[in-house]
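What follows is one structure encoded as structure tokens, with my remarks underneath.
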Amino acid sequence: MTDRFNRRHMLLGGLAMGAGLAALPAHGQSAVRSITTSLGTYDIPADPQRVVVIDTRLDLEPAVALDLPIVGYSYFQQIEPWVPYAGAQTFIGTPPSREAVLALNPDLIVCTDIPGSDMWPIDKLADVAPVLPVDFNLHWRDNLARMGDWLGRRDIADAFIAQYQTEIDALKARHAAVLGRKVAAVWSSPESAEINLLLGTNSPQVTAIGQVLDDLGGITVSAEGLGEYGNISYERMGEVLGDVEVIVVDHFDQSELDVLFASPVWQRLPAVVAGRVLPTSGAYYGGGYTARHLIGEWDKAYSLLGV
């Protein structure tokens, strides 16, 4: 299985959802909260006890940060090591079936908001339990804050966000002398001989590592001319990455790196010649824990500039 469901795959996965679809009331709860989301206005448990999360990156991380009791999850069976979650839970498979979710008797579901998708079946779950949607185009901070508002746990969300900002500020101070030098994060698709530029919010390719770089105030490749999804052919790497001084390469397995590193165009890039390449993983999508992990990866990347 590959982890490369990028923005193109996500957007092709669904059609617009009608505003009339709304989640069921909270199951068996005497205390509820009324919320309004992209699914409509409906009740959720004031104190959920059995939460199913669909995506181990975008959905699991805010649920863990807000201390929700998770009973099941989908997408990746192995949870990233930087996400501090080791509670009892059931892996419900990929893609998750409605029946597998129903079998866990959830009183709340967290699901990335991509209507019409089998991988993120948000429009098939609303009659199982109330659903909290996660918007993959938003900054993780905004998803966490609004989920905190919905659940009456905004104080927990704000504390998490404040800790992240403290870590961002520390890294900015440590590398202040080199933050004005151009860096880039990419992911290689060997089957199409393309790379994706991993960019920040309001870009053709919204990614976790790009959002962290935005928060650092770092300089990266302009989105202009990169195409609808931030992807370019290997042949264009010299044109787009020629003045980049450090390149972070996200990958899922070694074969992705091997094909990219064998490209003659790649081998001629100044950053590659200078040895300023940092392989990493898990940088495409994620929540606050992934963002904090990626602060450390950017620390390593900027350290390659000799500061």
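The values are calculated or read from the model by the stated rules, or taken from the named source; none is laboratory data. As the structure is a prediction and not an experimental result, all values here were calculated from the model. Heads up, the Cβs are rebuilt from the backbone with ideal geometry, glycines too, and the neighbour counts pull from every protein chain shown. Quick note on the areas: whole protein, heavy atoms, side chains included, nothing else; ligands and nucleic acids left out. Shrake-Rupley method; radii C 1.70, N 1.55, O 1.52, S 1.80 Å.
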Could you sort W266, W82 by their accessible area in this structure, using a 1.4 Å probe and putting the largest first?
W82, W266
Ranking R268, R154 from most to least accessible area with a 1.4 Å probe gives R268, R154
When the solvent-accessible surface of protein heavy atoms is calculated with a 1.4 angstrom probe, in what order do H251, H175 fall, highest first?
H251, H175
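If you add up the charges near G200, with Lys and Arg at +1 and Asp and Glu at -1, over every other residue whose beta carbon is less than 10 angstrom from its beta carbon, what do you get?
On the way: positive: none; negative: D214, D215.
Once all neighbours under 10 Å are counted, the net charge is -2.
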Give the long-range amide H neighbours of L278: residues separated by 5 or more places, or on another chain, with amide H under 5 Å away, using H modelled in the peptide plane at 1.01 Å from N.
I247, V248, V249
Relative to the first principal axis of the alpha-carbon coordinates of the chain, what is the inclination of helix 140-151, with its axis defined by its Cα atoms, in degrees from 0 to 90 and to the nearest 10?
10
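Using a cut-off of 14 Å between beta-carbons, work out the net charge of the residues near A126 (Lys and Arg +1, Asp and Glu -1, A126 not included). Display every interim value, and only then the final one.
Values: positive: R98, K124; negative: D43, D107, D113, D123, D127.
Summing Lys and Arg as +1 and Asp and Glu as -1 gives -3.
What is the local net charge at F160, summed over the other residues whose Cβ is closer than 12 Å to its Cβ (Lys, Arg +1; Asp, Glu -1)?
Details: positive: R141, R153, R154, R292; negative: E61, D67, D155, D158, E167.
Result for the neighbourhood of F160: -1.
When the helix-only estimate is applied to the chain (DSSP H runs of n ≥ 4, each -39,500 (n - 2.57), divided by the residue count), what is the mean residue ellipticity at 222 nm, nearest 500 deg cm²/dmol? All intermediate terms of the calculation are to be shown ahead of the outcome.
Values: 11 runs with 98 residues, N = 307.
One gets -9000 deg cm²/dmol as the mean residue ellipticity at 222 nm.
Give me the number: length gained by fully extending D47 to F76, i.e. 0.36 nm times residue separation minus the C-alpha to C-alpha distance, one decimal in nm.
Extra length from D47 to F76 when fully extended: 7.8 nm.
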Magnitude of the Cβ-charge dipole of the chain, K/R +1 and D/E -1, about the Cα centre, nearest 20 debye?
340
Tell me, what ³J(HN,Hα) does each residue in region 50-58 have, in order and in whole Hz, if you take phi through Karplus 6.51 cos²θ - 1.76 cosθ + 1.60 with θ = phi - 60° and put x for Gly and Pro?
9, 10, 9, 10, 8, 10, 6, 9, 6
FRET efficiency, R268 to S38 (Cβ-Cβ, R0 45 Å, nearest 0.05)
0.45
Antiparallel as a % of all DSSP beta bridges within the chain, to the nearest 5?
35
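Find the Cα radius of gyration of region 238-307, compare it with 2.2 N^0.38 Å by division, and give the number to two decimals.
Details: Rg = 12.8 Å, N = 70, 2.2 N^0.38 = 11.1 Å.
So region 238-307 has a normalised radius of gyration of 1.16.
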Test of understanding: what is the full-extension gain from F252 to D135, defined as 0.36 nm times their sequence separation minus their Cα-Cα distance?
39.8 nm
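How much length is gained if the chain between D155 and E167 is pulled fully straight, taking 0.36 nm per residue apart and subtracting their Cα-Cα distance, in nm to one decimal? Please list the in-between numbers first.
Numbers: separation 12, 0.36 × 12 = 4.32 nm, distance 1.87 nm.
Going from the current span to full extension adds 2.4 nm.
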What whole-number distance in Å separates the alpha-carbon centres of region 104-161 and region 259-292?
30
Toward the positive end of the charge dipole of the chain, about the Cα centre and with charges on Cβ (Lys, Arg +1; Asp, Glu -1), which of L278, A223, S188 goes farthest?
L278
Output wanted: per-residue J couplings in Hz (rounded whole) for region 117-133, from phi through Karplus 6.51 cos²θ - 1.76 cosθ + 1.60, θ = phi - 60°, x for Gly and Pro.
9, 6, 6, 10, x, 4, 7, 10, 10, 5, 9, 8, 6, x, 10, 9, x
